[in-house]
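The structure appears below as structure tokens.
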Amino acid sequence: MSKDFLSKGNKRITLLGMSGVGKTHISKMLNSDGNWYHYSGDYRIGSKYLKQPIIQNIKDRMKNDAWLSNLIDREIISIDTKITYDNLNSISVFLGKVGNPDQGGLSLKDFNIRQEMHRLAESKSMMDVGEFITKSNSEGFDHFINDAGGSLCELDDDEIYQYLANQTLIVYIRASDENIIDLEQRAKSDPKPLYFQSEFLINAVGKYLNENGMTYVAEICPNDFISWVFPRLLQHRIPKMERIAEKYGCIIESKDLYQCKQQSEVLELINSSLN
């Protein structure tokens, strides 16, 4: 994308960065005039590509109860998911956490199966961006935001990154040291399911077991593992996001973004990163 970003009549951006780094903040400021179409990769994943697996997972768990199982089998009740741009919890519940089944954990095999399903769904959701840009134009929006998931950098797919760069300006929100500390603290106080590349996960689980004198994945406390692994995941992802931004887009600093109070300041910040 050329460097005359401010003069463009139809601005299109993809937001790249860890969850919690400011993507929602920038989306809301940019759309203060209601003229930006907000496309959420995670919403697309949950509402289309993983919707049926999410529902089936709920059904399978309900079938552990004989009474509920009977209602499901006789089609007396139906199951659906409620997913909104502000409530993507059904995806997290489906992804789950690896570890002790008595604490809600999954086996490494089952966990990896769901991780792979998420990877494929995320890839498809990003390749839908062009379709939704066309849709946004037909609905009268001048501008477009692709609010990508924090695991976009884990796809390691230059075809997808080049596609997004052709369709949008990829804007990487680089977390400050203070921001990283805050993200790590959140992972400790509220450990949420995460996406991991298979090789990274296997290595991390092995190190965790060794450090804690454990032998089996079923011994792992799921929440403790998330808290332990999150800083390592950050360090794994940061170089990947840097590479994508340097090759396909631009970089803005989270500390500069947090100083912005209105749309024009955000646009100026993005524009300055291109010059």
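Any read-out appearing in this document is the output of simple, stated calculations on the displayed coordinates, not a laboratory observation. On a predicted model such as this, the values are computed, not experimentally measured, just so you know. All Cβ positions, glycine included, derive from the backbone under ideal geometry; neighbour counts span all protein chains shown.
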> How large is the charge dipole for the chain, taken about the Cα centre, if only the Cβ atoms of Lys, Arg (+1) and Asp, Glu (-1) carry charge, to the nearest 20 debye?
Replying inline: 240 debye
> Leaving out same-chain residues fewer than 8 places away, which lysines sit with a Cα under 16 Å from that of K124?
Replying inline: K48, K51
> Where both partners of a DSSP beta bridge lie in the chain, what percent of those bridges are antiparallel, to the nearest 5?
Replying inline: 5 percent
> Could you give the length gained on full extension between T215 and K192, defined as 0.36 nm per residue of separation minus the Cα-Cα distance, in nm?
Replying inline: 5.9 nm
> Along the positive direction of the dipole of the chain (beta-carbon charges: Lys, Arg +1; Asp, Glu -1; about the Cα centre), which of G130, N64, F144 reaches farthest?
Replying inline: N64
>> Between D33 and K255, what's the calculated FRET efficiency when r is the beta-carbon distance and R0 is 22 Å? Round to 0.05.
In response: 0.30
> Relative to the longest principal Cα axis of the chain, at what angle does helix 51-62 sit, 0 to 90 degrees, rounded to 10?
Replying inline: 30 degrees
>> A 26 angstrom limit on the alpha carbon distance is what I want to check against. Which of K97/K188; K240/K261; K109/K247 exceed it?
In response: K240/K261; K109/K247
> So what is the relative contact order of segment 45-200, in percent, for Cα pairs below 8 Å that sit 6 or more residues apart?
Replying inline: 23 percent
> Which length gain, in nm to one decimal place, applies between M127 and D110 when the Cα-Cα distance is subtracted from 0.36 nm times their residue separation?
Replying inline: 3.5 nm
> Counting Lys +1, Arg +1, Asp -1, Glu -1, what net charge surrounds E75 among other residues with beta carbon under 15 Å of its beta carbon?
Replying inline: +1
> Rounded, prolate or oblate: which one fits segment 13-96, using the alpha carbon gyration tensor with axes a ≥ b ≥ c (rounded when a/c is under 1.5, else prolate when a/b beats b/c, else oblate)?
Replying inline: prolate
> If each of N203 and L120 carries a label point 7 Å out from its Cα toward its Cβ, how far apart are those two points in nm?
Replying inline: 2.6 nm
> Between E159 and I76, what length in nm is gained on full extension when 0.36 nm per residue of separation is reduced by their alpha carbon distance?
Replying inline: 25.3 nm
> Roughly how many debye, to the nearest 20, is the charge dipole of segment 79-183 about its Cα centre, given +1 on each Lys and Arg Cβ, -1 on each Asp and Glu Cβ, and no other charges?
Replying inline: 320 debye
> Of I173, I76, H38, whose Cα points farthest to the positive end of the dipole of the chain (charges on the beta-carbon: +1 Lys, Arg; -1 Asp, Glu; origin at the Cα centre)?
Replying inline: I76
> Stokes-Einstein at 20 °C, 1.002 mPa s, Kirkwood radius from Cα pairs: D for the chain in µm² s⁻¹?
Replying inline: 107 µm²/s
>> Can you find, among Y248, H236, Y216, the residue sitting farthest towards the positive end of the charge dipole of segment 213-253, where Lys and Arg contribute +1 and Asp and Glu -1 at Cβ?
In response: Y248
> If Lys and Arg each add +1 and Asp and Glu each add -1, what is the summed charge of the other residues whose beta carbon sits under 13 Å from the beta carbon of T134?
Replying inline: -1
> If Lys and Arg each add +1 and Asp and Glu each add -1, what is the summed charge of the other residues whose beta carbon sits under 14 Å from the beta carbon of N10?
Replying inline: +1
